[in-house]
Amino acid sequence: MRCETALPWLVALQDDQVTTAWRAALLRHLHRCPSCRAGERALRAATPRPERVIPARWRARLDGLTVASLVAVGAAHEAAGAQPPA
């Protein structure tokens, strides 16, 4: 793989939006190419990740939530007359 091919895919790789085959090819290229590896590290350092932004105690609670449970909580609040925050 050439750098011109790899560089546009670094964000997709970071966001886990590539196929297994593309991931393997990109990781092989990053292993061999110090320039692209530096670019990938800089991208990773500059991109906020949930594990860096959301406190661990909140992440633990959020991990157990589903869309259905959030909808149910919202419906219960509405039924009780609660107003959403402005």
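The values are calculated or read from the model by the stated rules, or taken from the named source; none is laboratory data. This one's a predicted model, so the numbers in the text were calculated from it and none came from an experiment. Cβ placement follows ideal geometry from the backbone for every residue including glycine, while neighbour counts extend to all protein chains displayed.
When the residues of segment 15-31 are narrowed to those that are charged (D, E, K, R) and assigned to a helix (DSSP H, G or I), which ends up surrounded by the fewest Cβ atoms within 10 Å (Cβ to Cβ)? So the residue we want is 28.
Please work out which residue is farthest from residue 41 (Cα to Cα), limiting yourself to segment 8-27 and to residues that are without any contact (Cβ under 8 Å) to a residue 24 or more places away in the chain and of a type in the set (A, V, I, L, M, F, W, C). First the steps, then the outcome.
Quick first cut of segment 8-27, residues without any contact (Cβ under 8 Å) to a residue 24 or more places away in the chain only: 8-9, 12, 15-24, 27.
After this cut, where a residue has to be of a type in the set (A, V, I, L, M, F, W, C) as well, the list is 9, 12, 18, 21-22, 24, 27.
Numbers: 9: 14, 12: 14, 18: 18, 21: 21, 22: 18, 24: 17, 27: 13 Å.
Taking the candidates together, the pick is 21.
Taking segment 36-61 as the range and being within 29 Å of residue 9 (Cα to Cα), surrounded by 11 or more Cβ atoms within 10 Å (Cβ to Cβ) and modelled with pLDDT of 70 or more as the test, the residues that pass are 36, 37, 38, 39, 40, 41, 42, 43, 44, 47.
Among the residues here, residue 12 does not qualify as surrounded by fewer than 11 Cβ atoms within 10 Å (Cβ to Cβ) and outside any loop (DSSP other than H, G, I, E, B).
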